[in-house]
Amino acid sequence: MKMYKPTFTKKLPPNAEVVTRDGKPHVKMRDGGRTVYYPLTECGTKFLKELDTWYAKVKQPNGKRKPVPLSPNKQAAEMMLGQILRDIEMRKAGAVDPHRDHGRTPLADHLAAWGLRLTDDGATPKHVAQTTDRAAKVFTACRFVFPTDIDPEPVQRYLAGRRRERGRDLPAGQSWFKPKELAAALGIKPTALAPTILRHGLAAEGAGKSRRYPRATAEALLAVRNKGASVRTVNTYVASLKAFGNYMVSAKRMAANPFDVLTIGNVELDPRHHRRALSPAELARLVAAAETSTQTVRGLIGPHRATLYIFAASTGFRVSELAILSPMMFRLDATPPTVTPPARGAKNRKLIHQPLPLDVAGRMRGVIAGKGSRQAIWPGDWSNDAAEMLRVDLATAGIPYAVDSPNGPLFADFHAIRHTFIRRLDEAGATLKEAMQLARHSDPKLTMAVYGRASLEELGSVANRLAPIPHVPPHVPTGAETCGRVTTHEETCPPGTGEQGIGRKAGKQGDEGQCGDMRADDECTPGEARTHNLPLRRRQNAGSASCFSATAYGLCRRESPFAHIAGIGLVLLVDTWFR
């Protein structure tokens with residue numbers, strides 16, 4: 001198979017020198033410091049110039065020949081051509097890796113194809129962008145260009161580095177920061193600074209170009225940034241990489257998923273943004289604060305926000321579902337009244353018929369009256385930052401946005417209303433099956449473990465219902481000697497009984513070095529033995545009442561637990577012997 005260099009035509013330059021070579025007209029030119037000759041075309045206005053790269057027409061499996069670029073170096077081109085021909089013969093024999101061609105395709109092209117697959121499967125543009133961007137960020141950081149470059153070990157190091165604390169510092173001696181200065185010190189975009197300040201409730205002064213942030217605000221934000229990424233954030237990267245690997249395998253672009261070795265971290269060990277359910281009193285105050293508010297927040301007036309909160313706390317709908325509701329989706333005259341949001345707004349992309357409480361259905365009649373069938377019930381851009389809208393009414397109602405807990409702060413953002421809905425289901429006596437279906441969960445563990453967790457007050461109420469443990473007062477005989485030696489009163493045990501002999505022997509072996517707690521039961525009830533006032537089983541031996549004080553074995557509270565165990569075991573052994 002011959003190699004060749006394809007030619008292309010170029011316009012003949014003015015005043016070009018035309019000469020004859022091999023009986024044909026050529027143009028004489030200087031190219032790269034040397035004299036070259038290029039043949040002219042038939043029209044005489046253009047000349048032919050060869051490409052620098054060698055080509056070869058290779059026969060494809062369909063029988064047609066296709067020009068294949070090789071190399072500018074002729075020897076390298078010959079070696080490449082030989083390898084191509086060998087691969088063709090191996091492919092015919094079925095001995096070639098079917099994923100080899102995909103391994104030479106850049107990962108950027110595979111990510112683009114994956115994004116199209118996600119879109120075709122019904123994923124939202126936001127989900128597609130976030131998922132593909134996470135994978136692309138890892139590939140860039142690990143310097144992966146082709147699928148054959150992927151190695152799980154650099155990925156694990158990169159993700160572990162994301163979890164480590166950062167070492168950013170503020171400029172020394174600077175008391176006030178401009179927005180751009182603070183954003184640069186934190187390593188975030190200037191547009192993300194204002195929402196971050198508002199989310200954490202930090203101080204700021206001025207507006208517009210005169211906006212300034214005190215050093216205390218900068219230090220608080222820096223402490224948050226220096227924590228590193230949370231376990232939940234790292235888990236989203238792992239999930240994106242695994243999903244990309246699964247796509248590559250299903251599309252027959254890779255033989256196996258190289259990200260299967262990555263593990264999901266335990267988010268309970270690093271809580272950053274756990275939510276809490278609002279109590280009935282807090283929910284009532286929130287609705288009342290919005291109902292009487294004269295402020296318009298993100299396009300919604302106060303009464304409309306109040307209806308939104310009531311509807312969300314009665315259905316558990318997410319922001320994406322609430323934002324696309326229209327009157328045509330309601331069946332308020334049905335039994336029971338229902339609302340059917342489109343599947344595109346649901347997280348699981350499934351169509352559901354959500355029943356509505358009668359009082360909520362009656363309130364919604366007044367809301368949708370006069371609206372077009374396809375008009376949004378709650379218009380505006382509130383869904384872009386529903387949490388900030390909610391914080392306005394929380395502040396008015398005097399409800400804290402975050403409360404402390406043993407496992408970190410608990411936040412009352414907009415998704416916390418969904419937690420409130422599931423807690424209301426529990427208070428209404430719903431079964432686990434009913435709560436799971438109304439919450440539109442596929443796993444009951446999620447319903448109970450995440451959303452259905454009992455509050456500390458509820459757990460405390462259950463703990464208070466435990467029966468109290470009876471208290472038996474300590475038995476200290478009158479006149480008994482309690483310091484320096486062990487005292488036993490043999491007159492309480494009939495002569496000749498085994499208990500008396502063992503008690504006398506034990507009294508000799510008692511620890512006289514302990515003081516204050518080593519006591520013998522001088523006045524034990526006939527037929528009963530005691531050890532630190534712990535009653536043991538009654539017994540009778542040969543029709544005579546007998547007793548034995550286990551404290552004679554030195555079971556003092558100052559001794560080790562092993563001594564207590566050994567003493568009690570001996571008492572039980574003696575008890576069995578005399579039965």
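The values are calculated or read from the model by the stated rules, or taken from the named source; none is laboratory data. Everything quoted here is computed from the prediction, not taken from an experiment. Please note: Cβ atoms are built from the backbone with ideal geometry, for glycine as well, and neighbour counts cover all protein chains shown. For the accessible areas, the whole protein counts, side chains as well, though only heavy atoms, and no ligand, DNA or RNA atoms are used. Shrake-Rupley method; radii C 1.70, N 1.55, O 1.52, S 1.80 Å.
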Rounded D (µm²/s) - the stretch 176-227, Kirkwood Rh over Cα pairs, Stokes-Einstein at 37 °C, 0.692 mPa s
305
Expressed as a whole number of Å, what is the distance separating the alpha-carbon centroids of the stretch 25-96 and the stretch 278-324?
70
Net lengthening on full extension, Lys252/Lys189 (0.36 nm per residue, minus Cα-Cα)
18.8 nm
Given a 1.4 Å probe and the protein chains all in place, what does the accessible area of Ile324 round to, in Å² to the nearest 10?
40
Percent of C-alpha pairs per 5 Å bin, the stretch 274-379, short to long
2, 12, 21, 25, 21, 14, 5, 1
Per residue solvent-accessible surface (Å²) - the stretch 3-97, probe of 1.4 Å
74
Order by accessible surface, 1.4 Å probe, largest leading, for residues Met248, Met254 comes to Met254, Met248
Convex hull over the alpha-carbon atoms of the stretch 231-292: what's its volume per residue in Å³?
135
When the charge dipole of the stretch 339-392 is computed with +1 on Lys and Arg Cβ and -1 on Asp and Glu Cβ about the Cα centre, the Cα farthest towards its positive end, among Trp378, Leu358, Leu390, belongs to Leu358
Per-selection metrics, the stretch 275-452 (Cα): Rg and Dmax in Å:
15.7, 49
In Å³ and rounded to a whole number, note down the convex hull volume per residue for the Cα atoms of the stretch 162-302.
215
Gap in Å between the Cα centre of the stretch 352-371 and the Cα centre of the stretch 220-274?
40
Charged-residue dipole, Cβ positions (Lys, Arg, Asp, Glu), the stretch 176-227 about Cα centre, Debye nearest 20
140
Just going by the charge dipole of the stretch 3-97, with Lys and Arg at +1 and Asp and Glu at -1 on Cβ, which of Pro14, Gly33, Thr45 is farthest out on the positive end?
Thr45
Diffing the stretch 310-322: the Karplus 3J(HN,Hα) column from phi (6.51, -1.76, 1.60, θ = phi - 60°), in whole Hz with x for Gly and Pro, holds 5, 5, 5, 6, 9, 10, x, 5, 7, 4, 4, 7, 5
What are the residues whose amide H is under 5 Å from the amide H of Phe259, where those residues sit 5 or more places off or on another chain and H is modelled from the backbone?
none
Can you list the residues, at least 5 places off or on another chain, whose amide H is less than 5 Å from the amide H of Ser71, using H built in the peptide plane?
Trp54, Ala77
Kindly report, to the nearest 10 Å², the accessible surface of Val261 as traced by a 1.4 Å probe over protein heavy atoms only.
90
In whole Hz, the Karplus estimates of ³J(HN,Hα) for the stretch 151-159 (6.51, -1.76, 1.60; θ = phi - 60°; x where Gly or Pro) are 9, x, 5, x, 5, 4, 5, 5, 5
The stretch 373-422: trypsin sites (Lys or Arg not before Pro) falling in loop per DSSP and having at most 14 other Cβ within 10 Å:
Arg374
Given the whole protein assembly as supplied and a 1.4 Å probe, what does the accessible area of Ser383 come to in Å², nearest 10?
40
Put Cys142, Cys43 in order of accessible area, largest first, probe 1.4 Å, and you get Cys43, Cys142
What list of ³J(HN,Hα) couplings, whole Hz, do you get for the stretch 324-335 from phi and the Karplus terms 6.51, -1.76, 1.60, once you set θ to phi - 60° and write x for glycine and proline?
10, 5, 9, x, 5, 8, 9, 10, 6, 8, 6, 10
Nearby lysines by direct alpha-carbon distance to Lys57 (threshold 18 angstrom, same-chain neighbours under 8 apart not counted)
Lys2, Lys5, Lys66, Lys74
Which GluC sites (Glu not before Pro) in the stretch 1-100 sit in a loop by DSSP (not H, G, I, E or B) and have at most 16 other Cβ atoms within 10 Å of their own Cβ?
Glu42
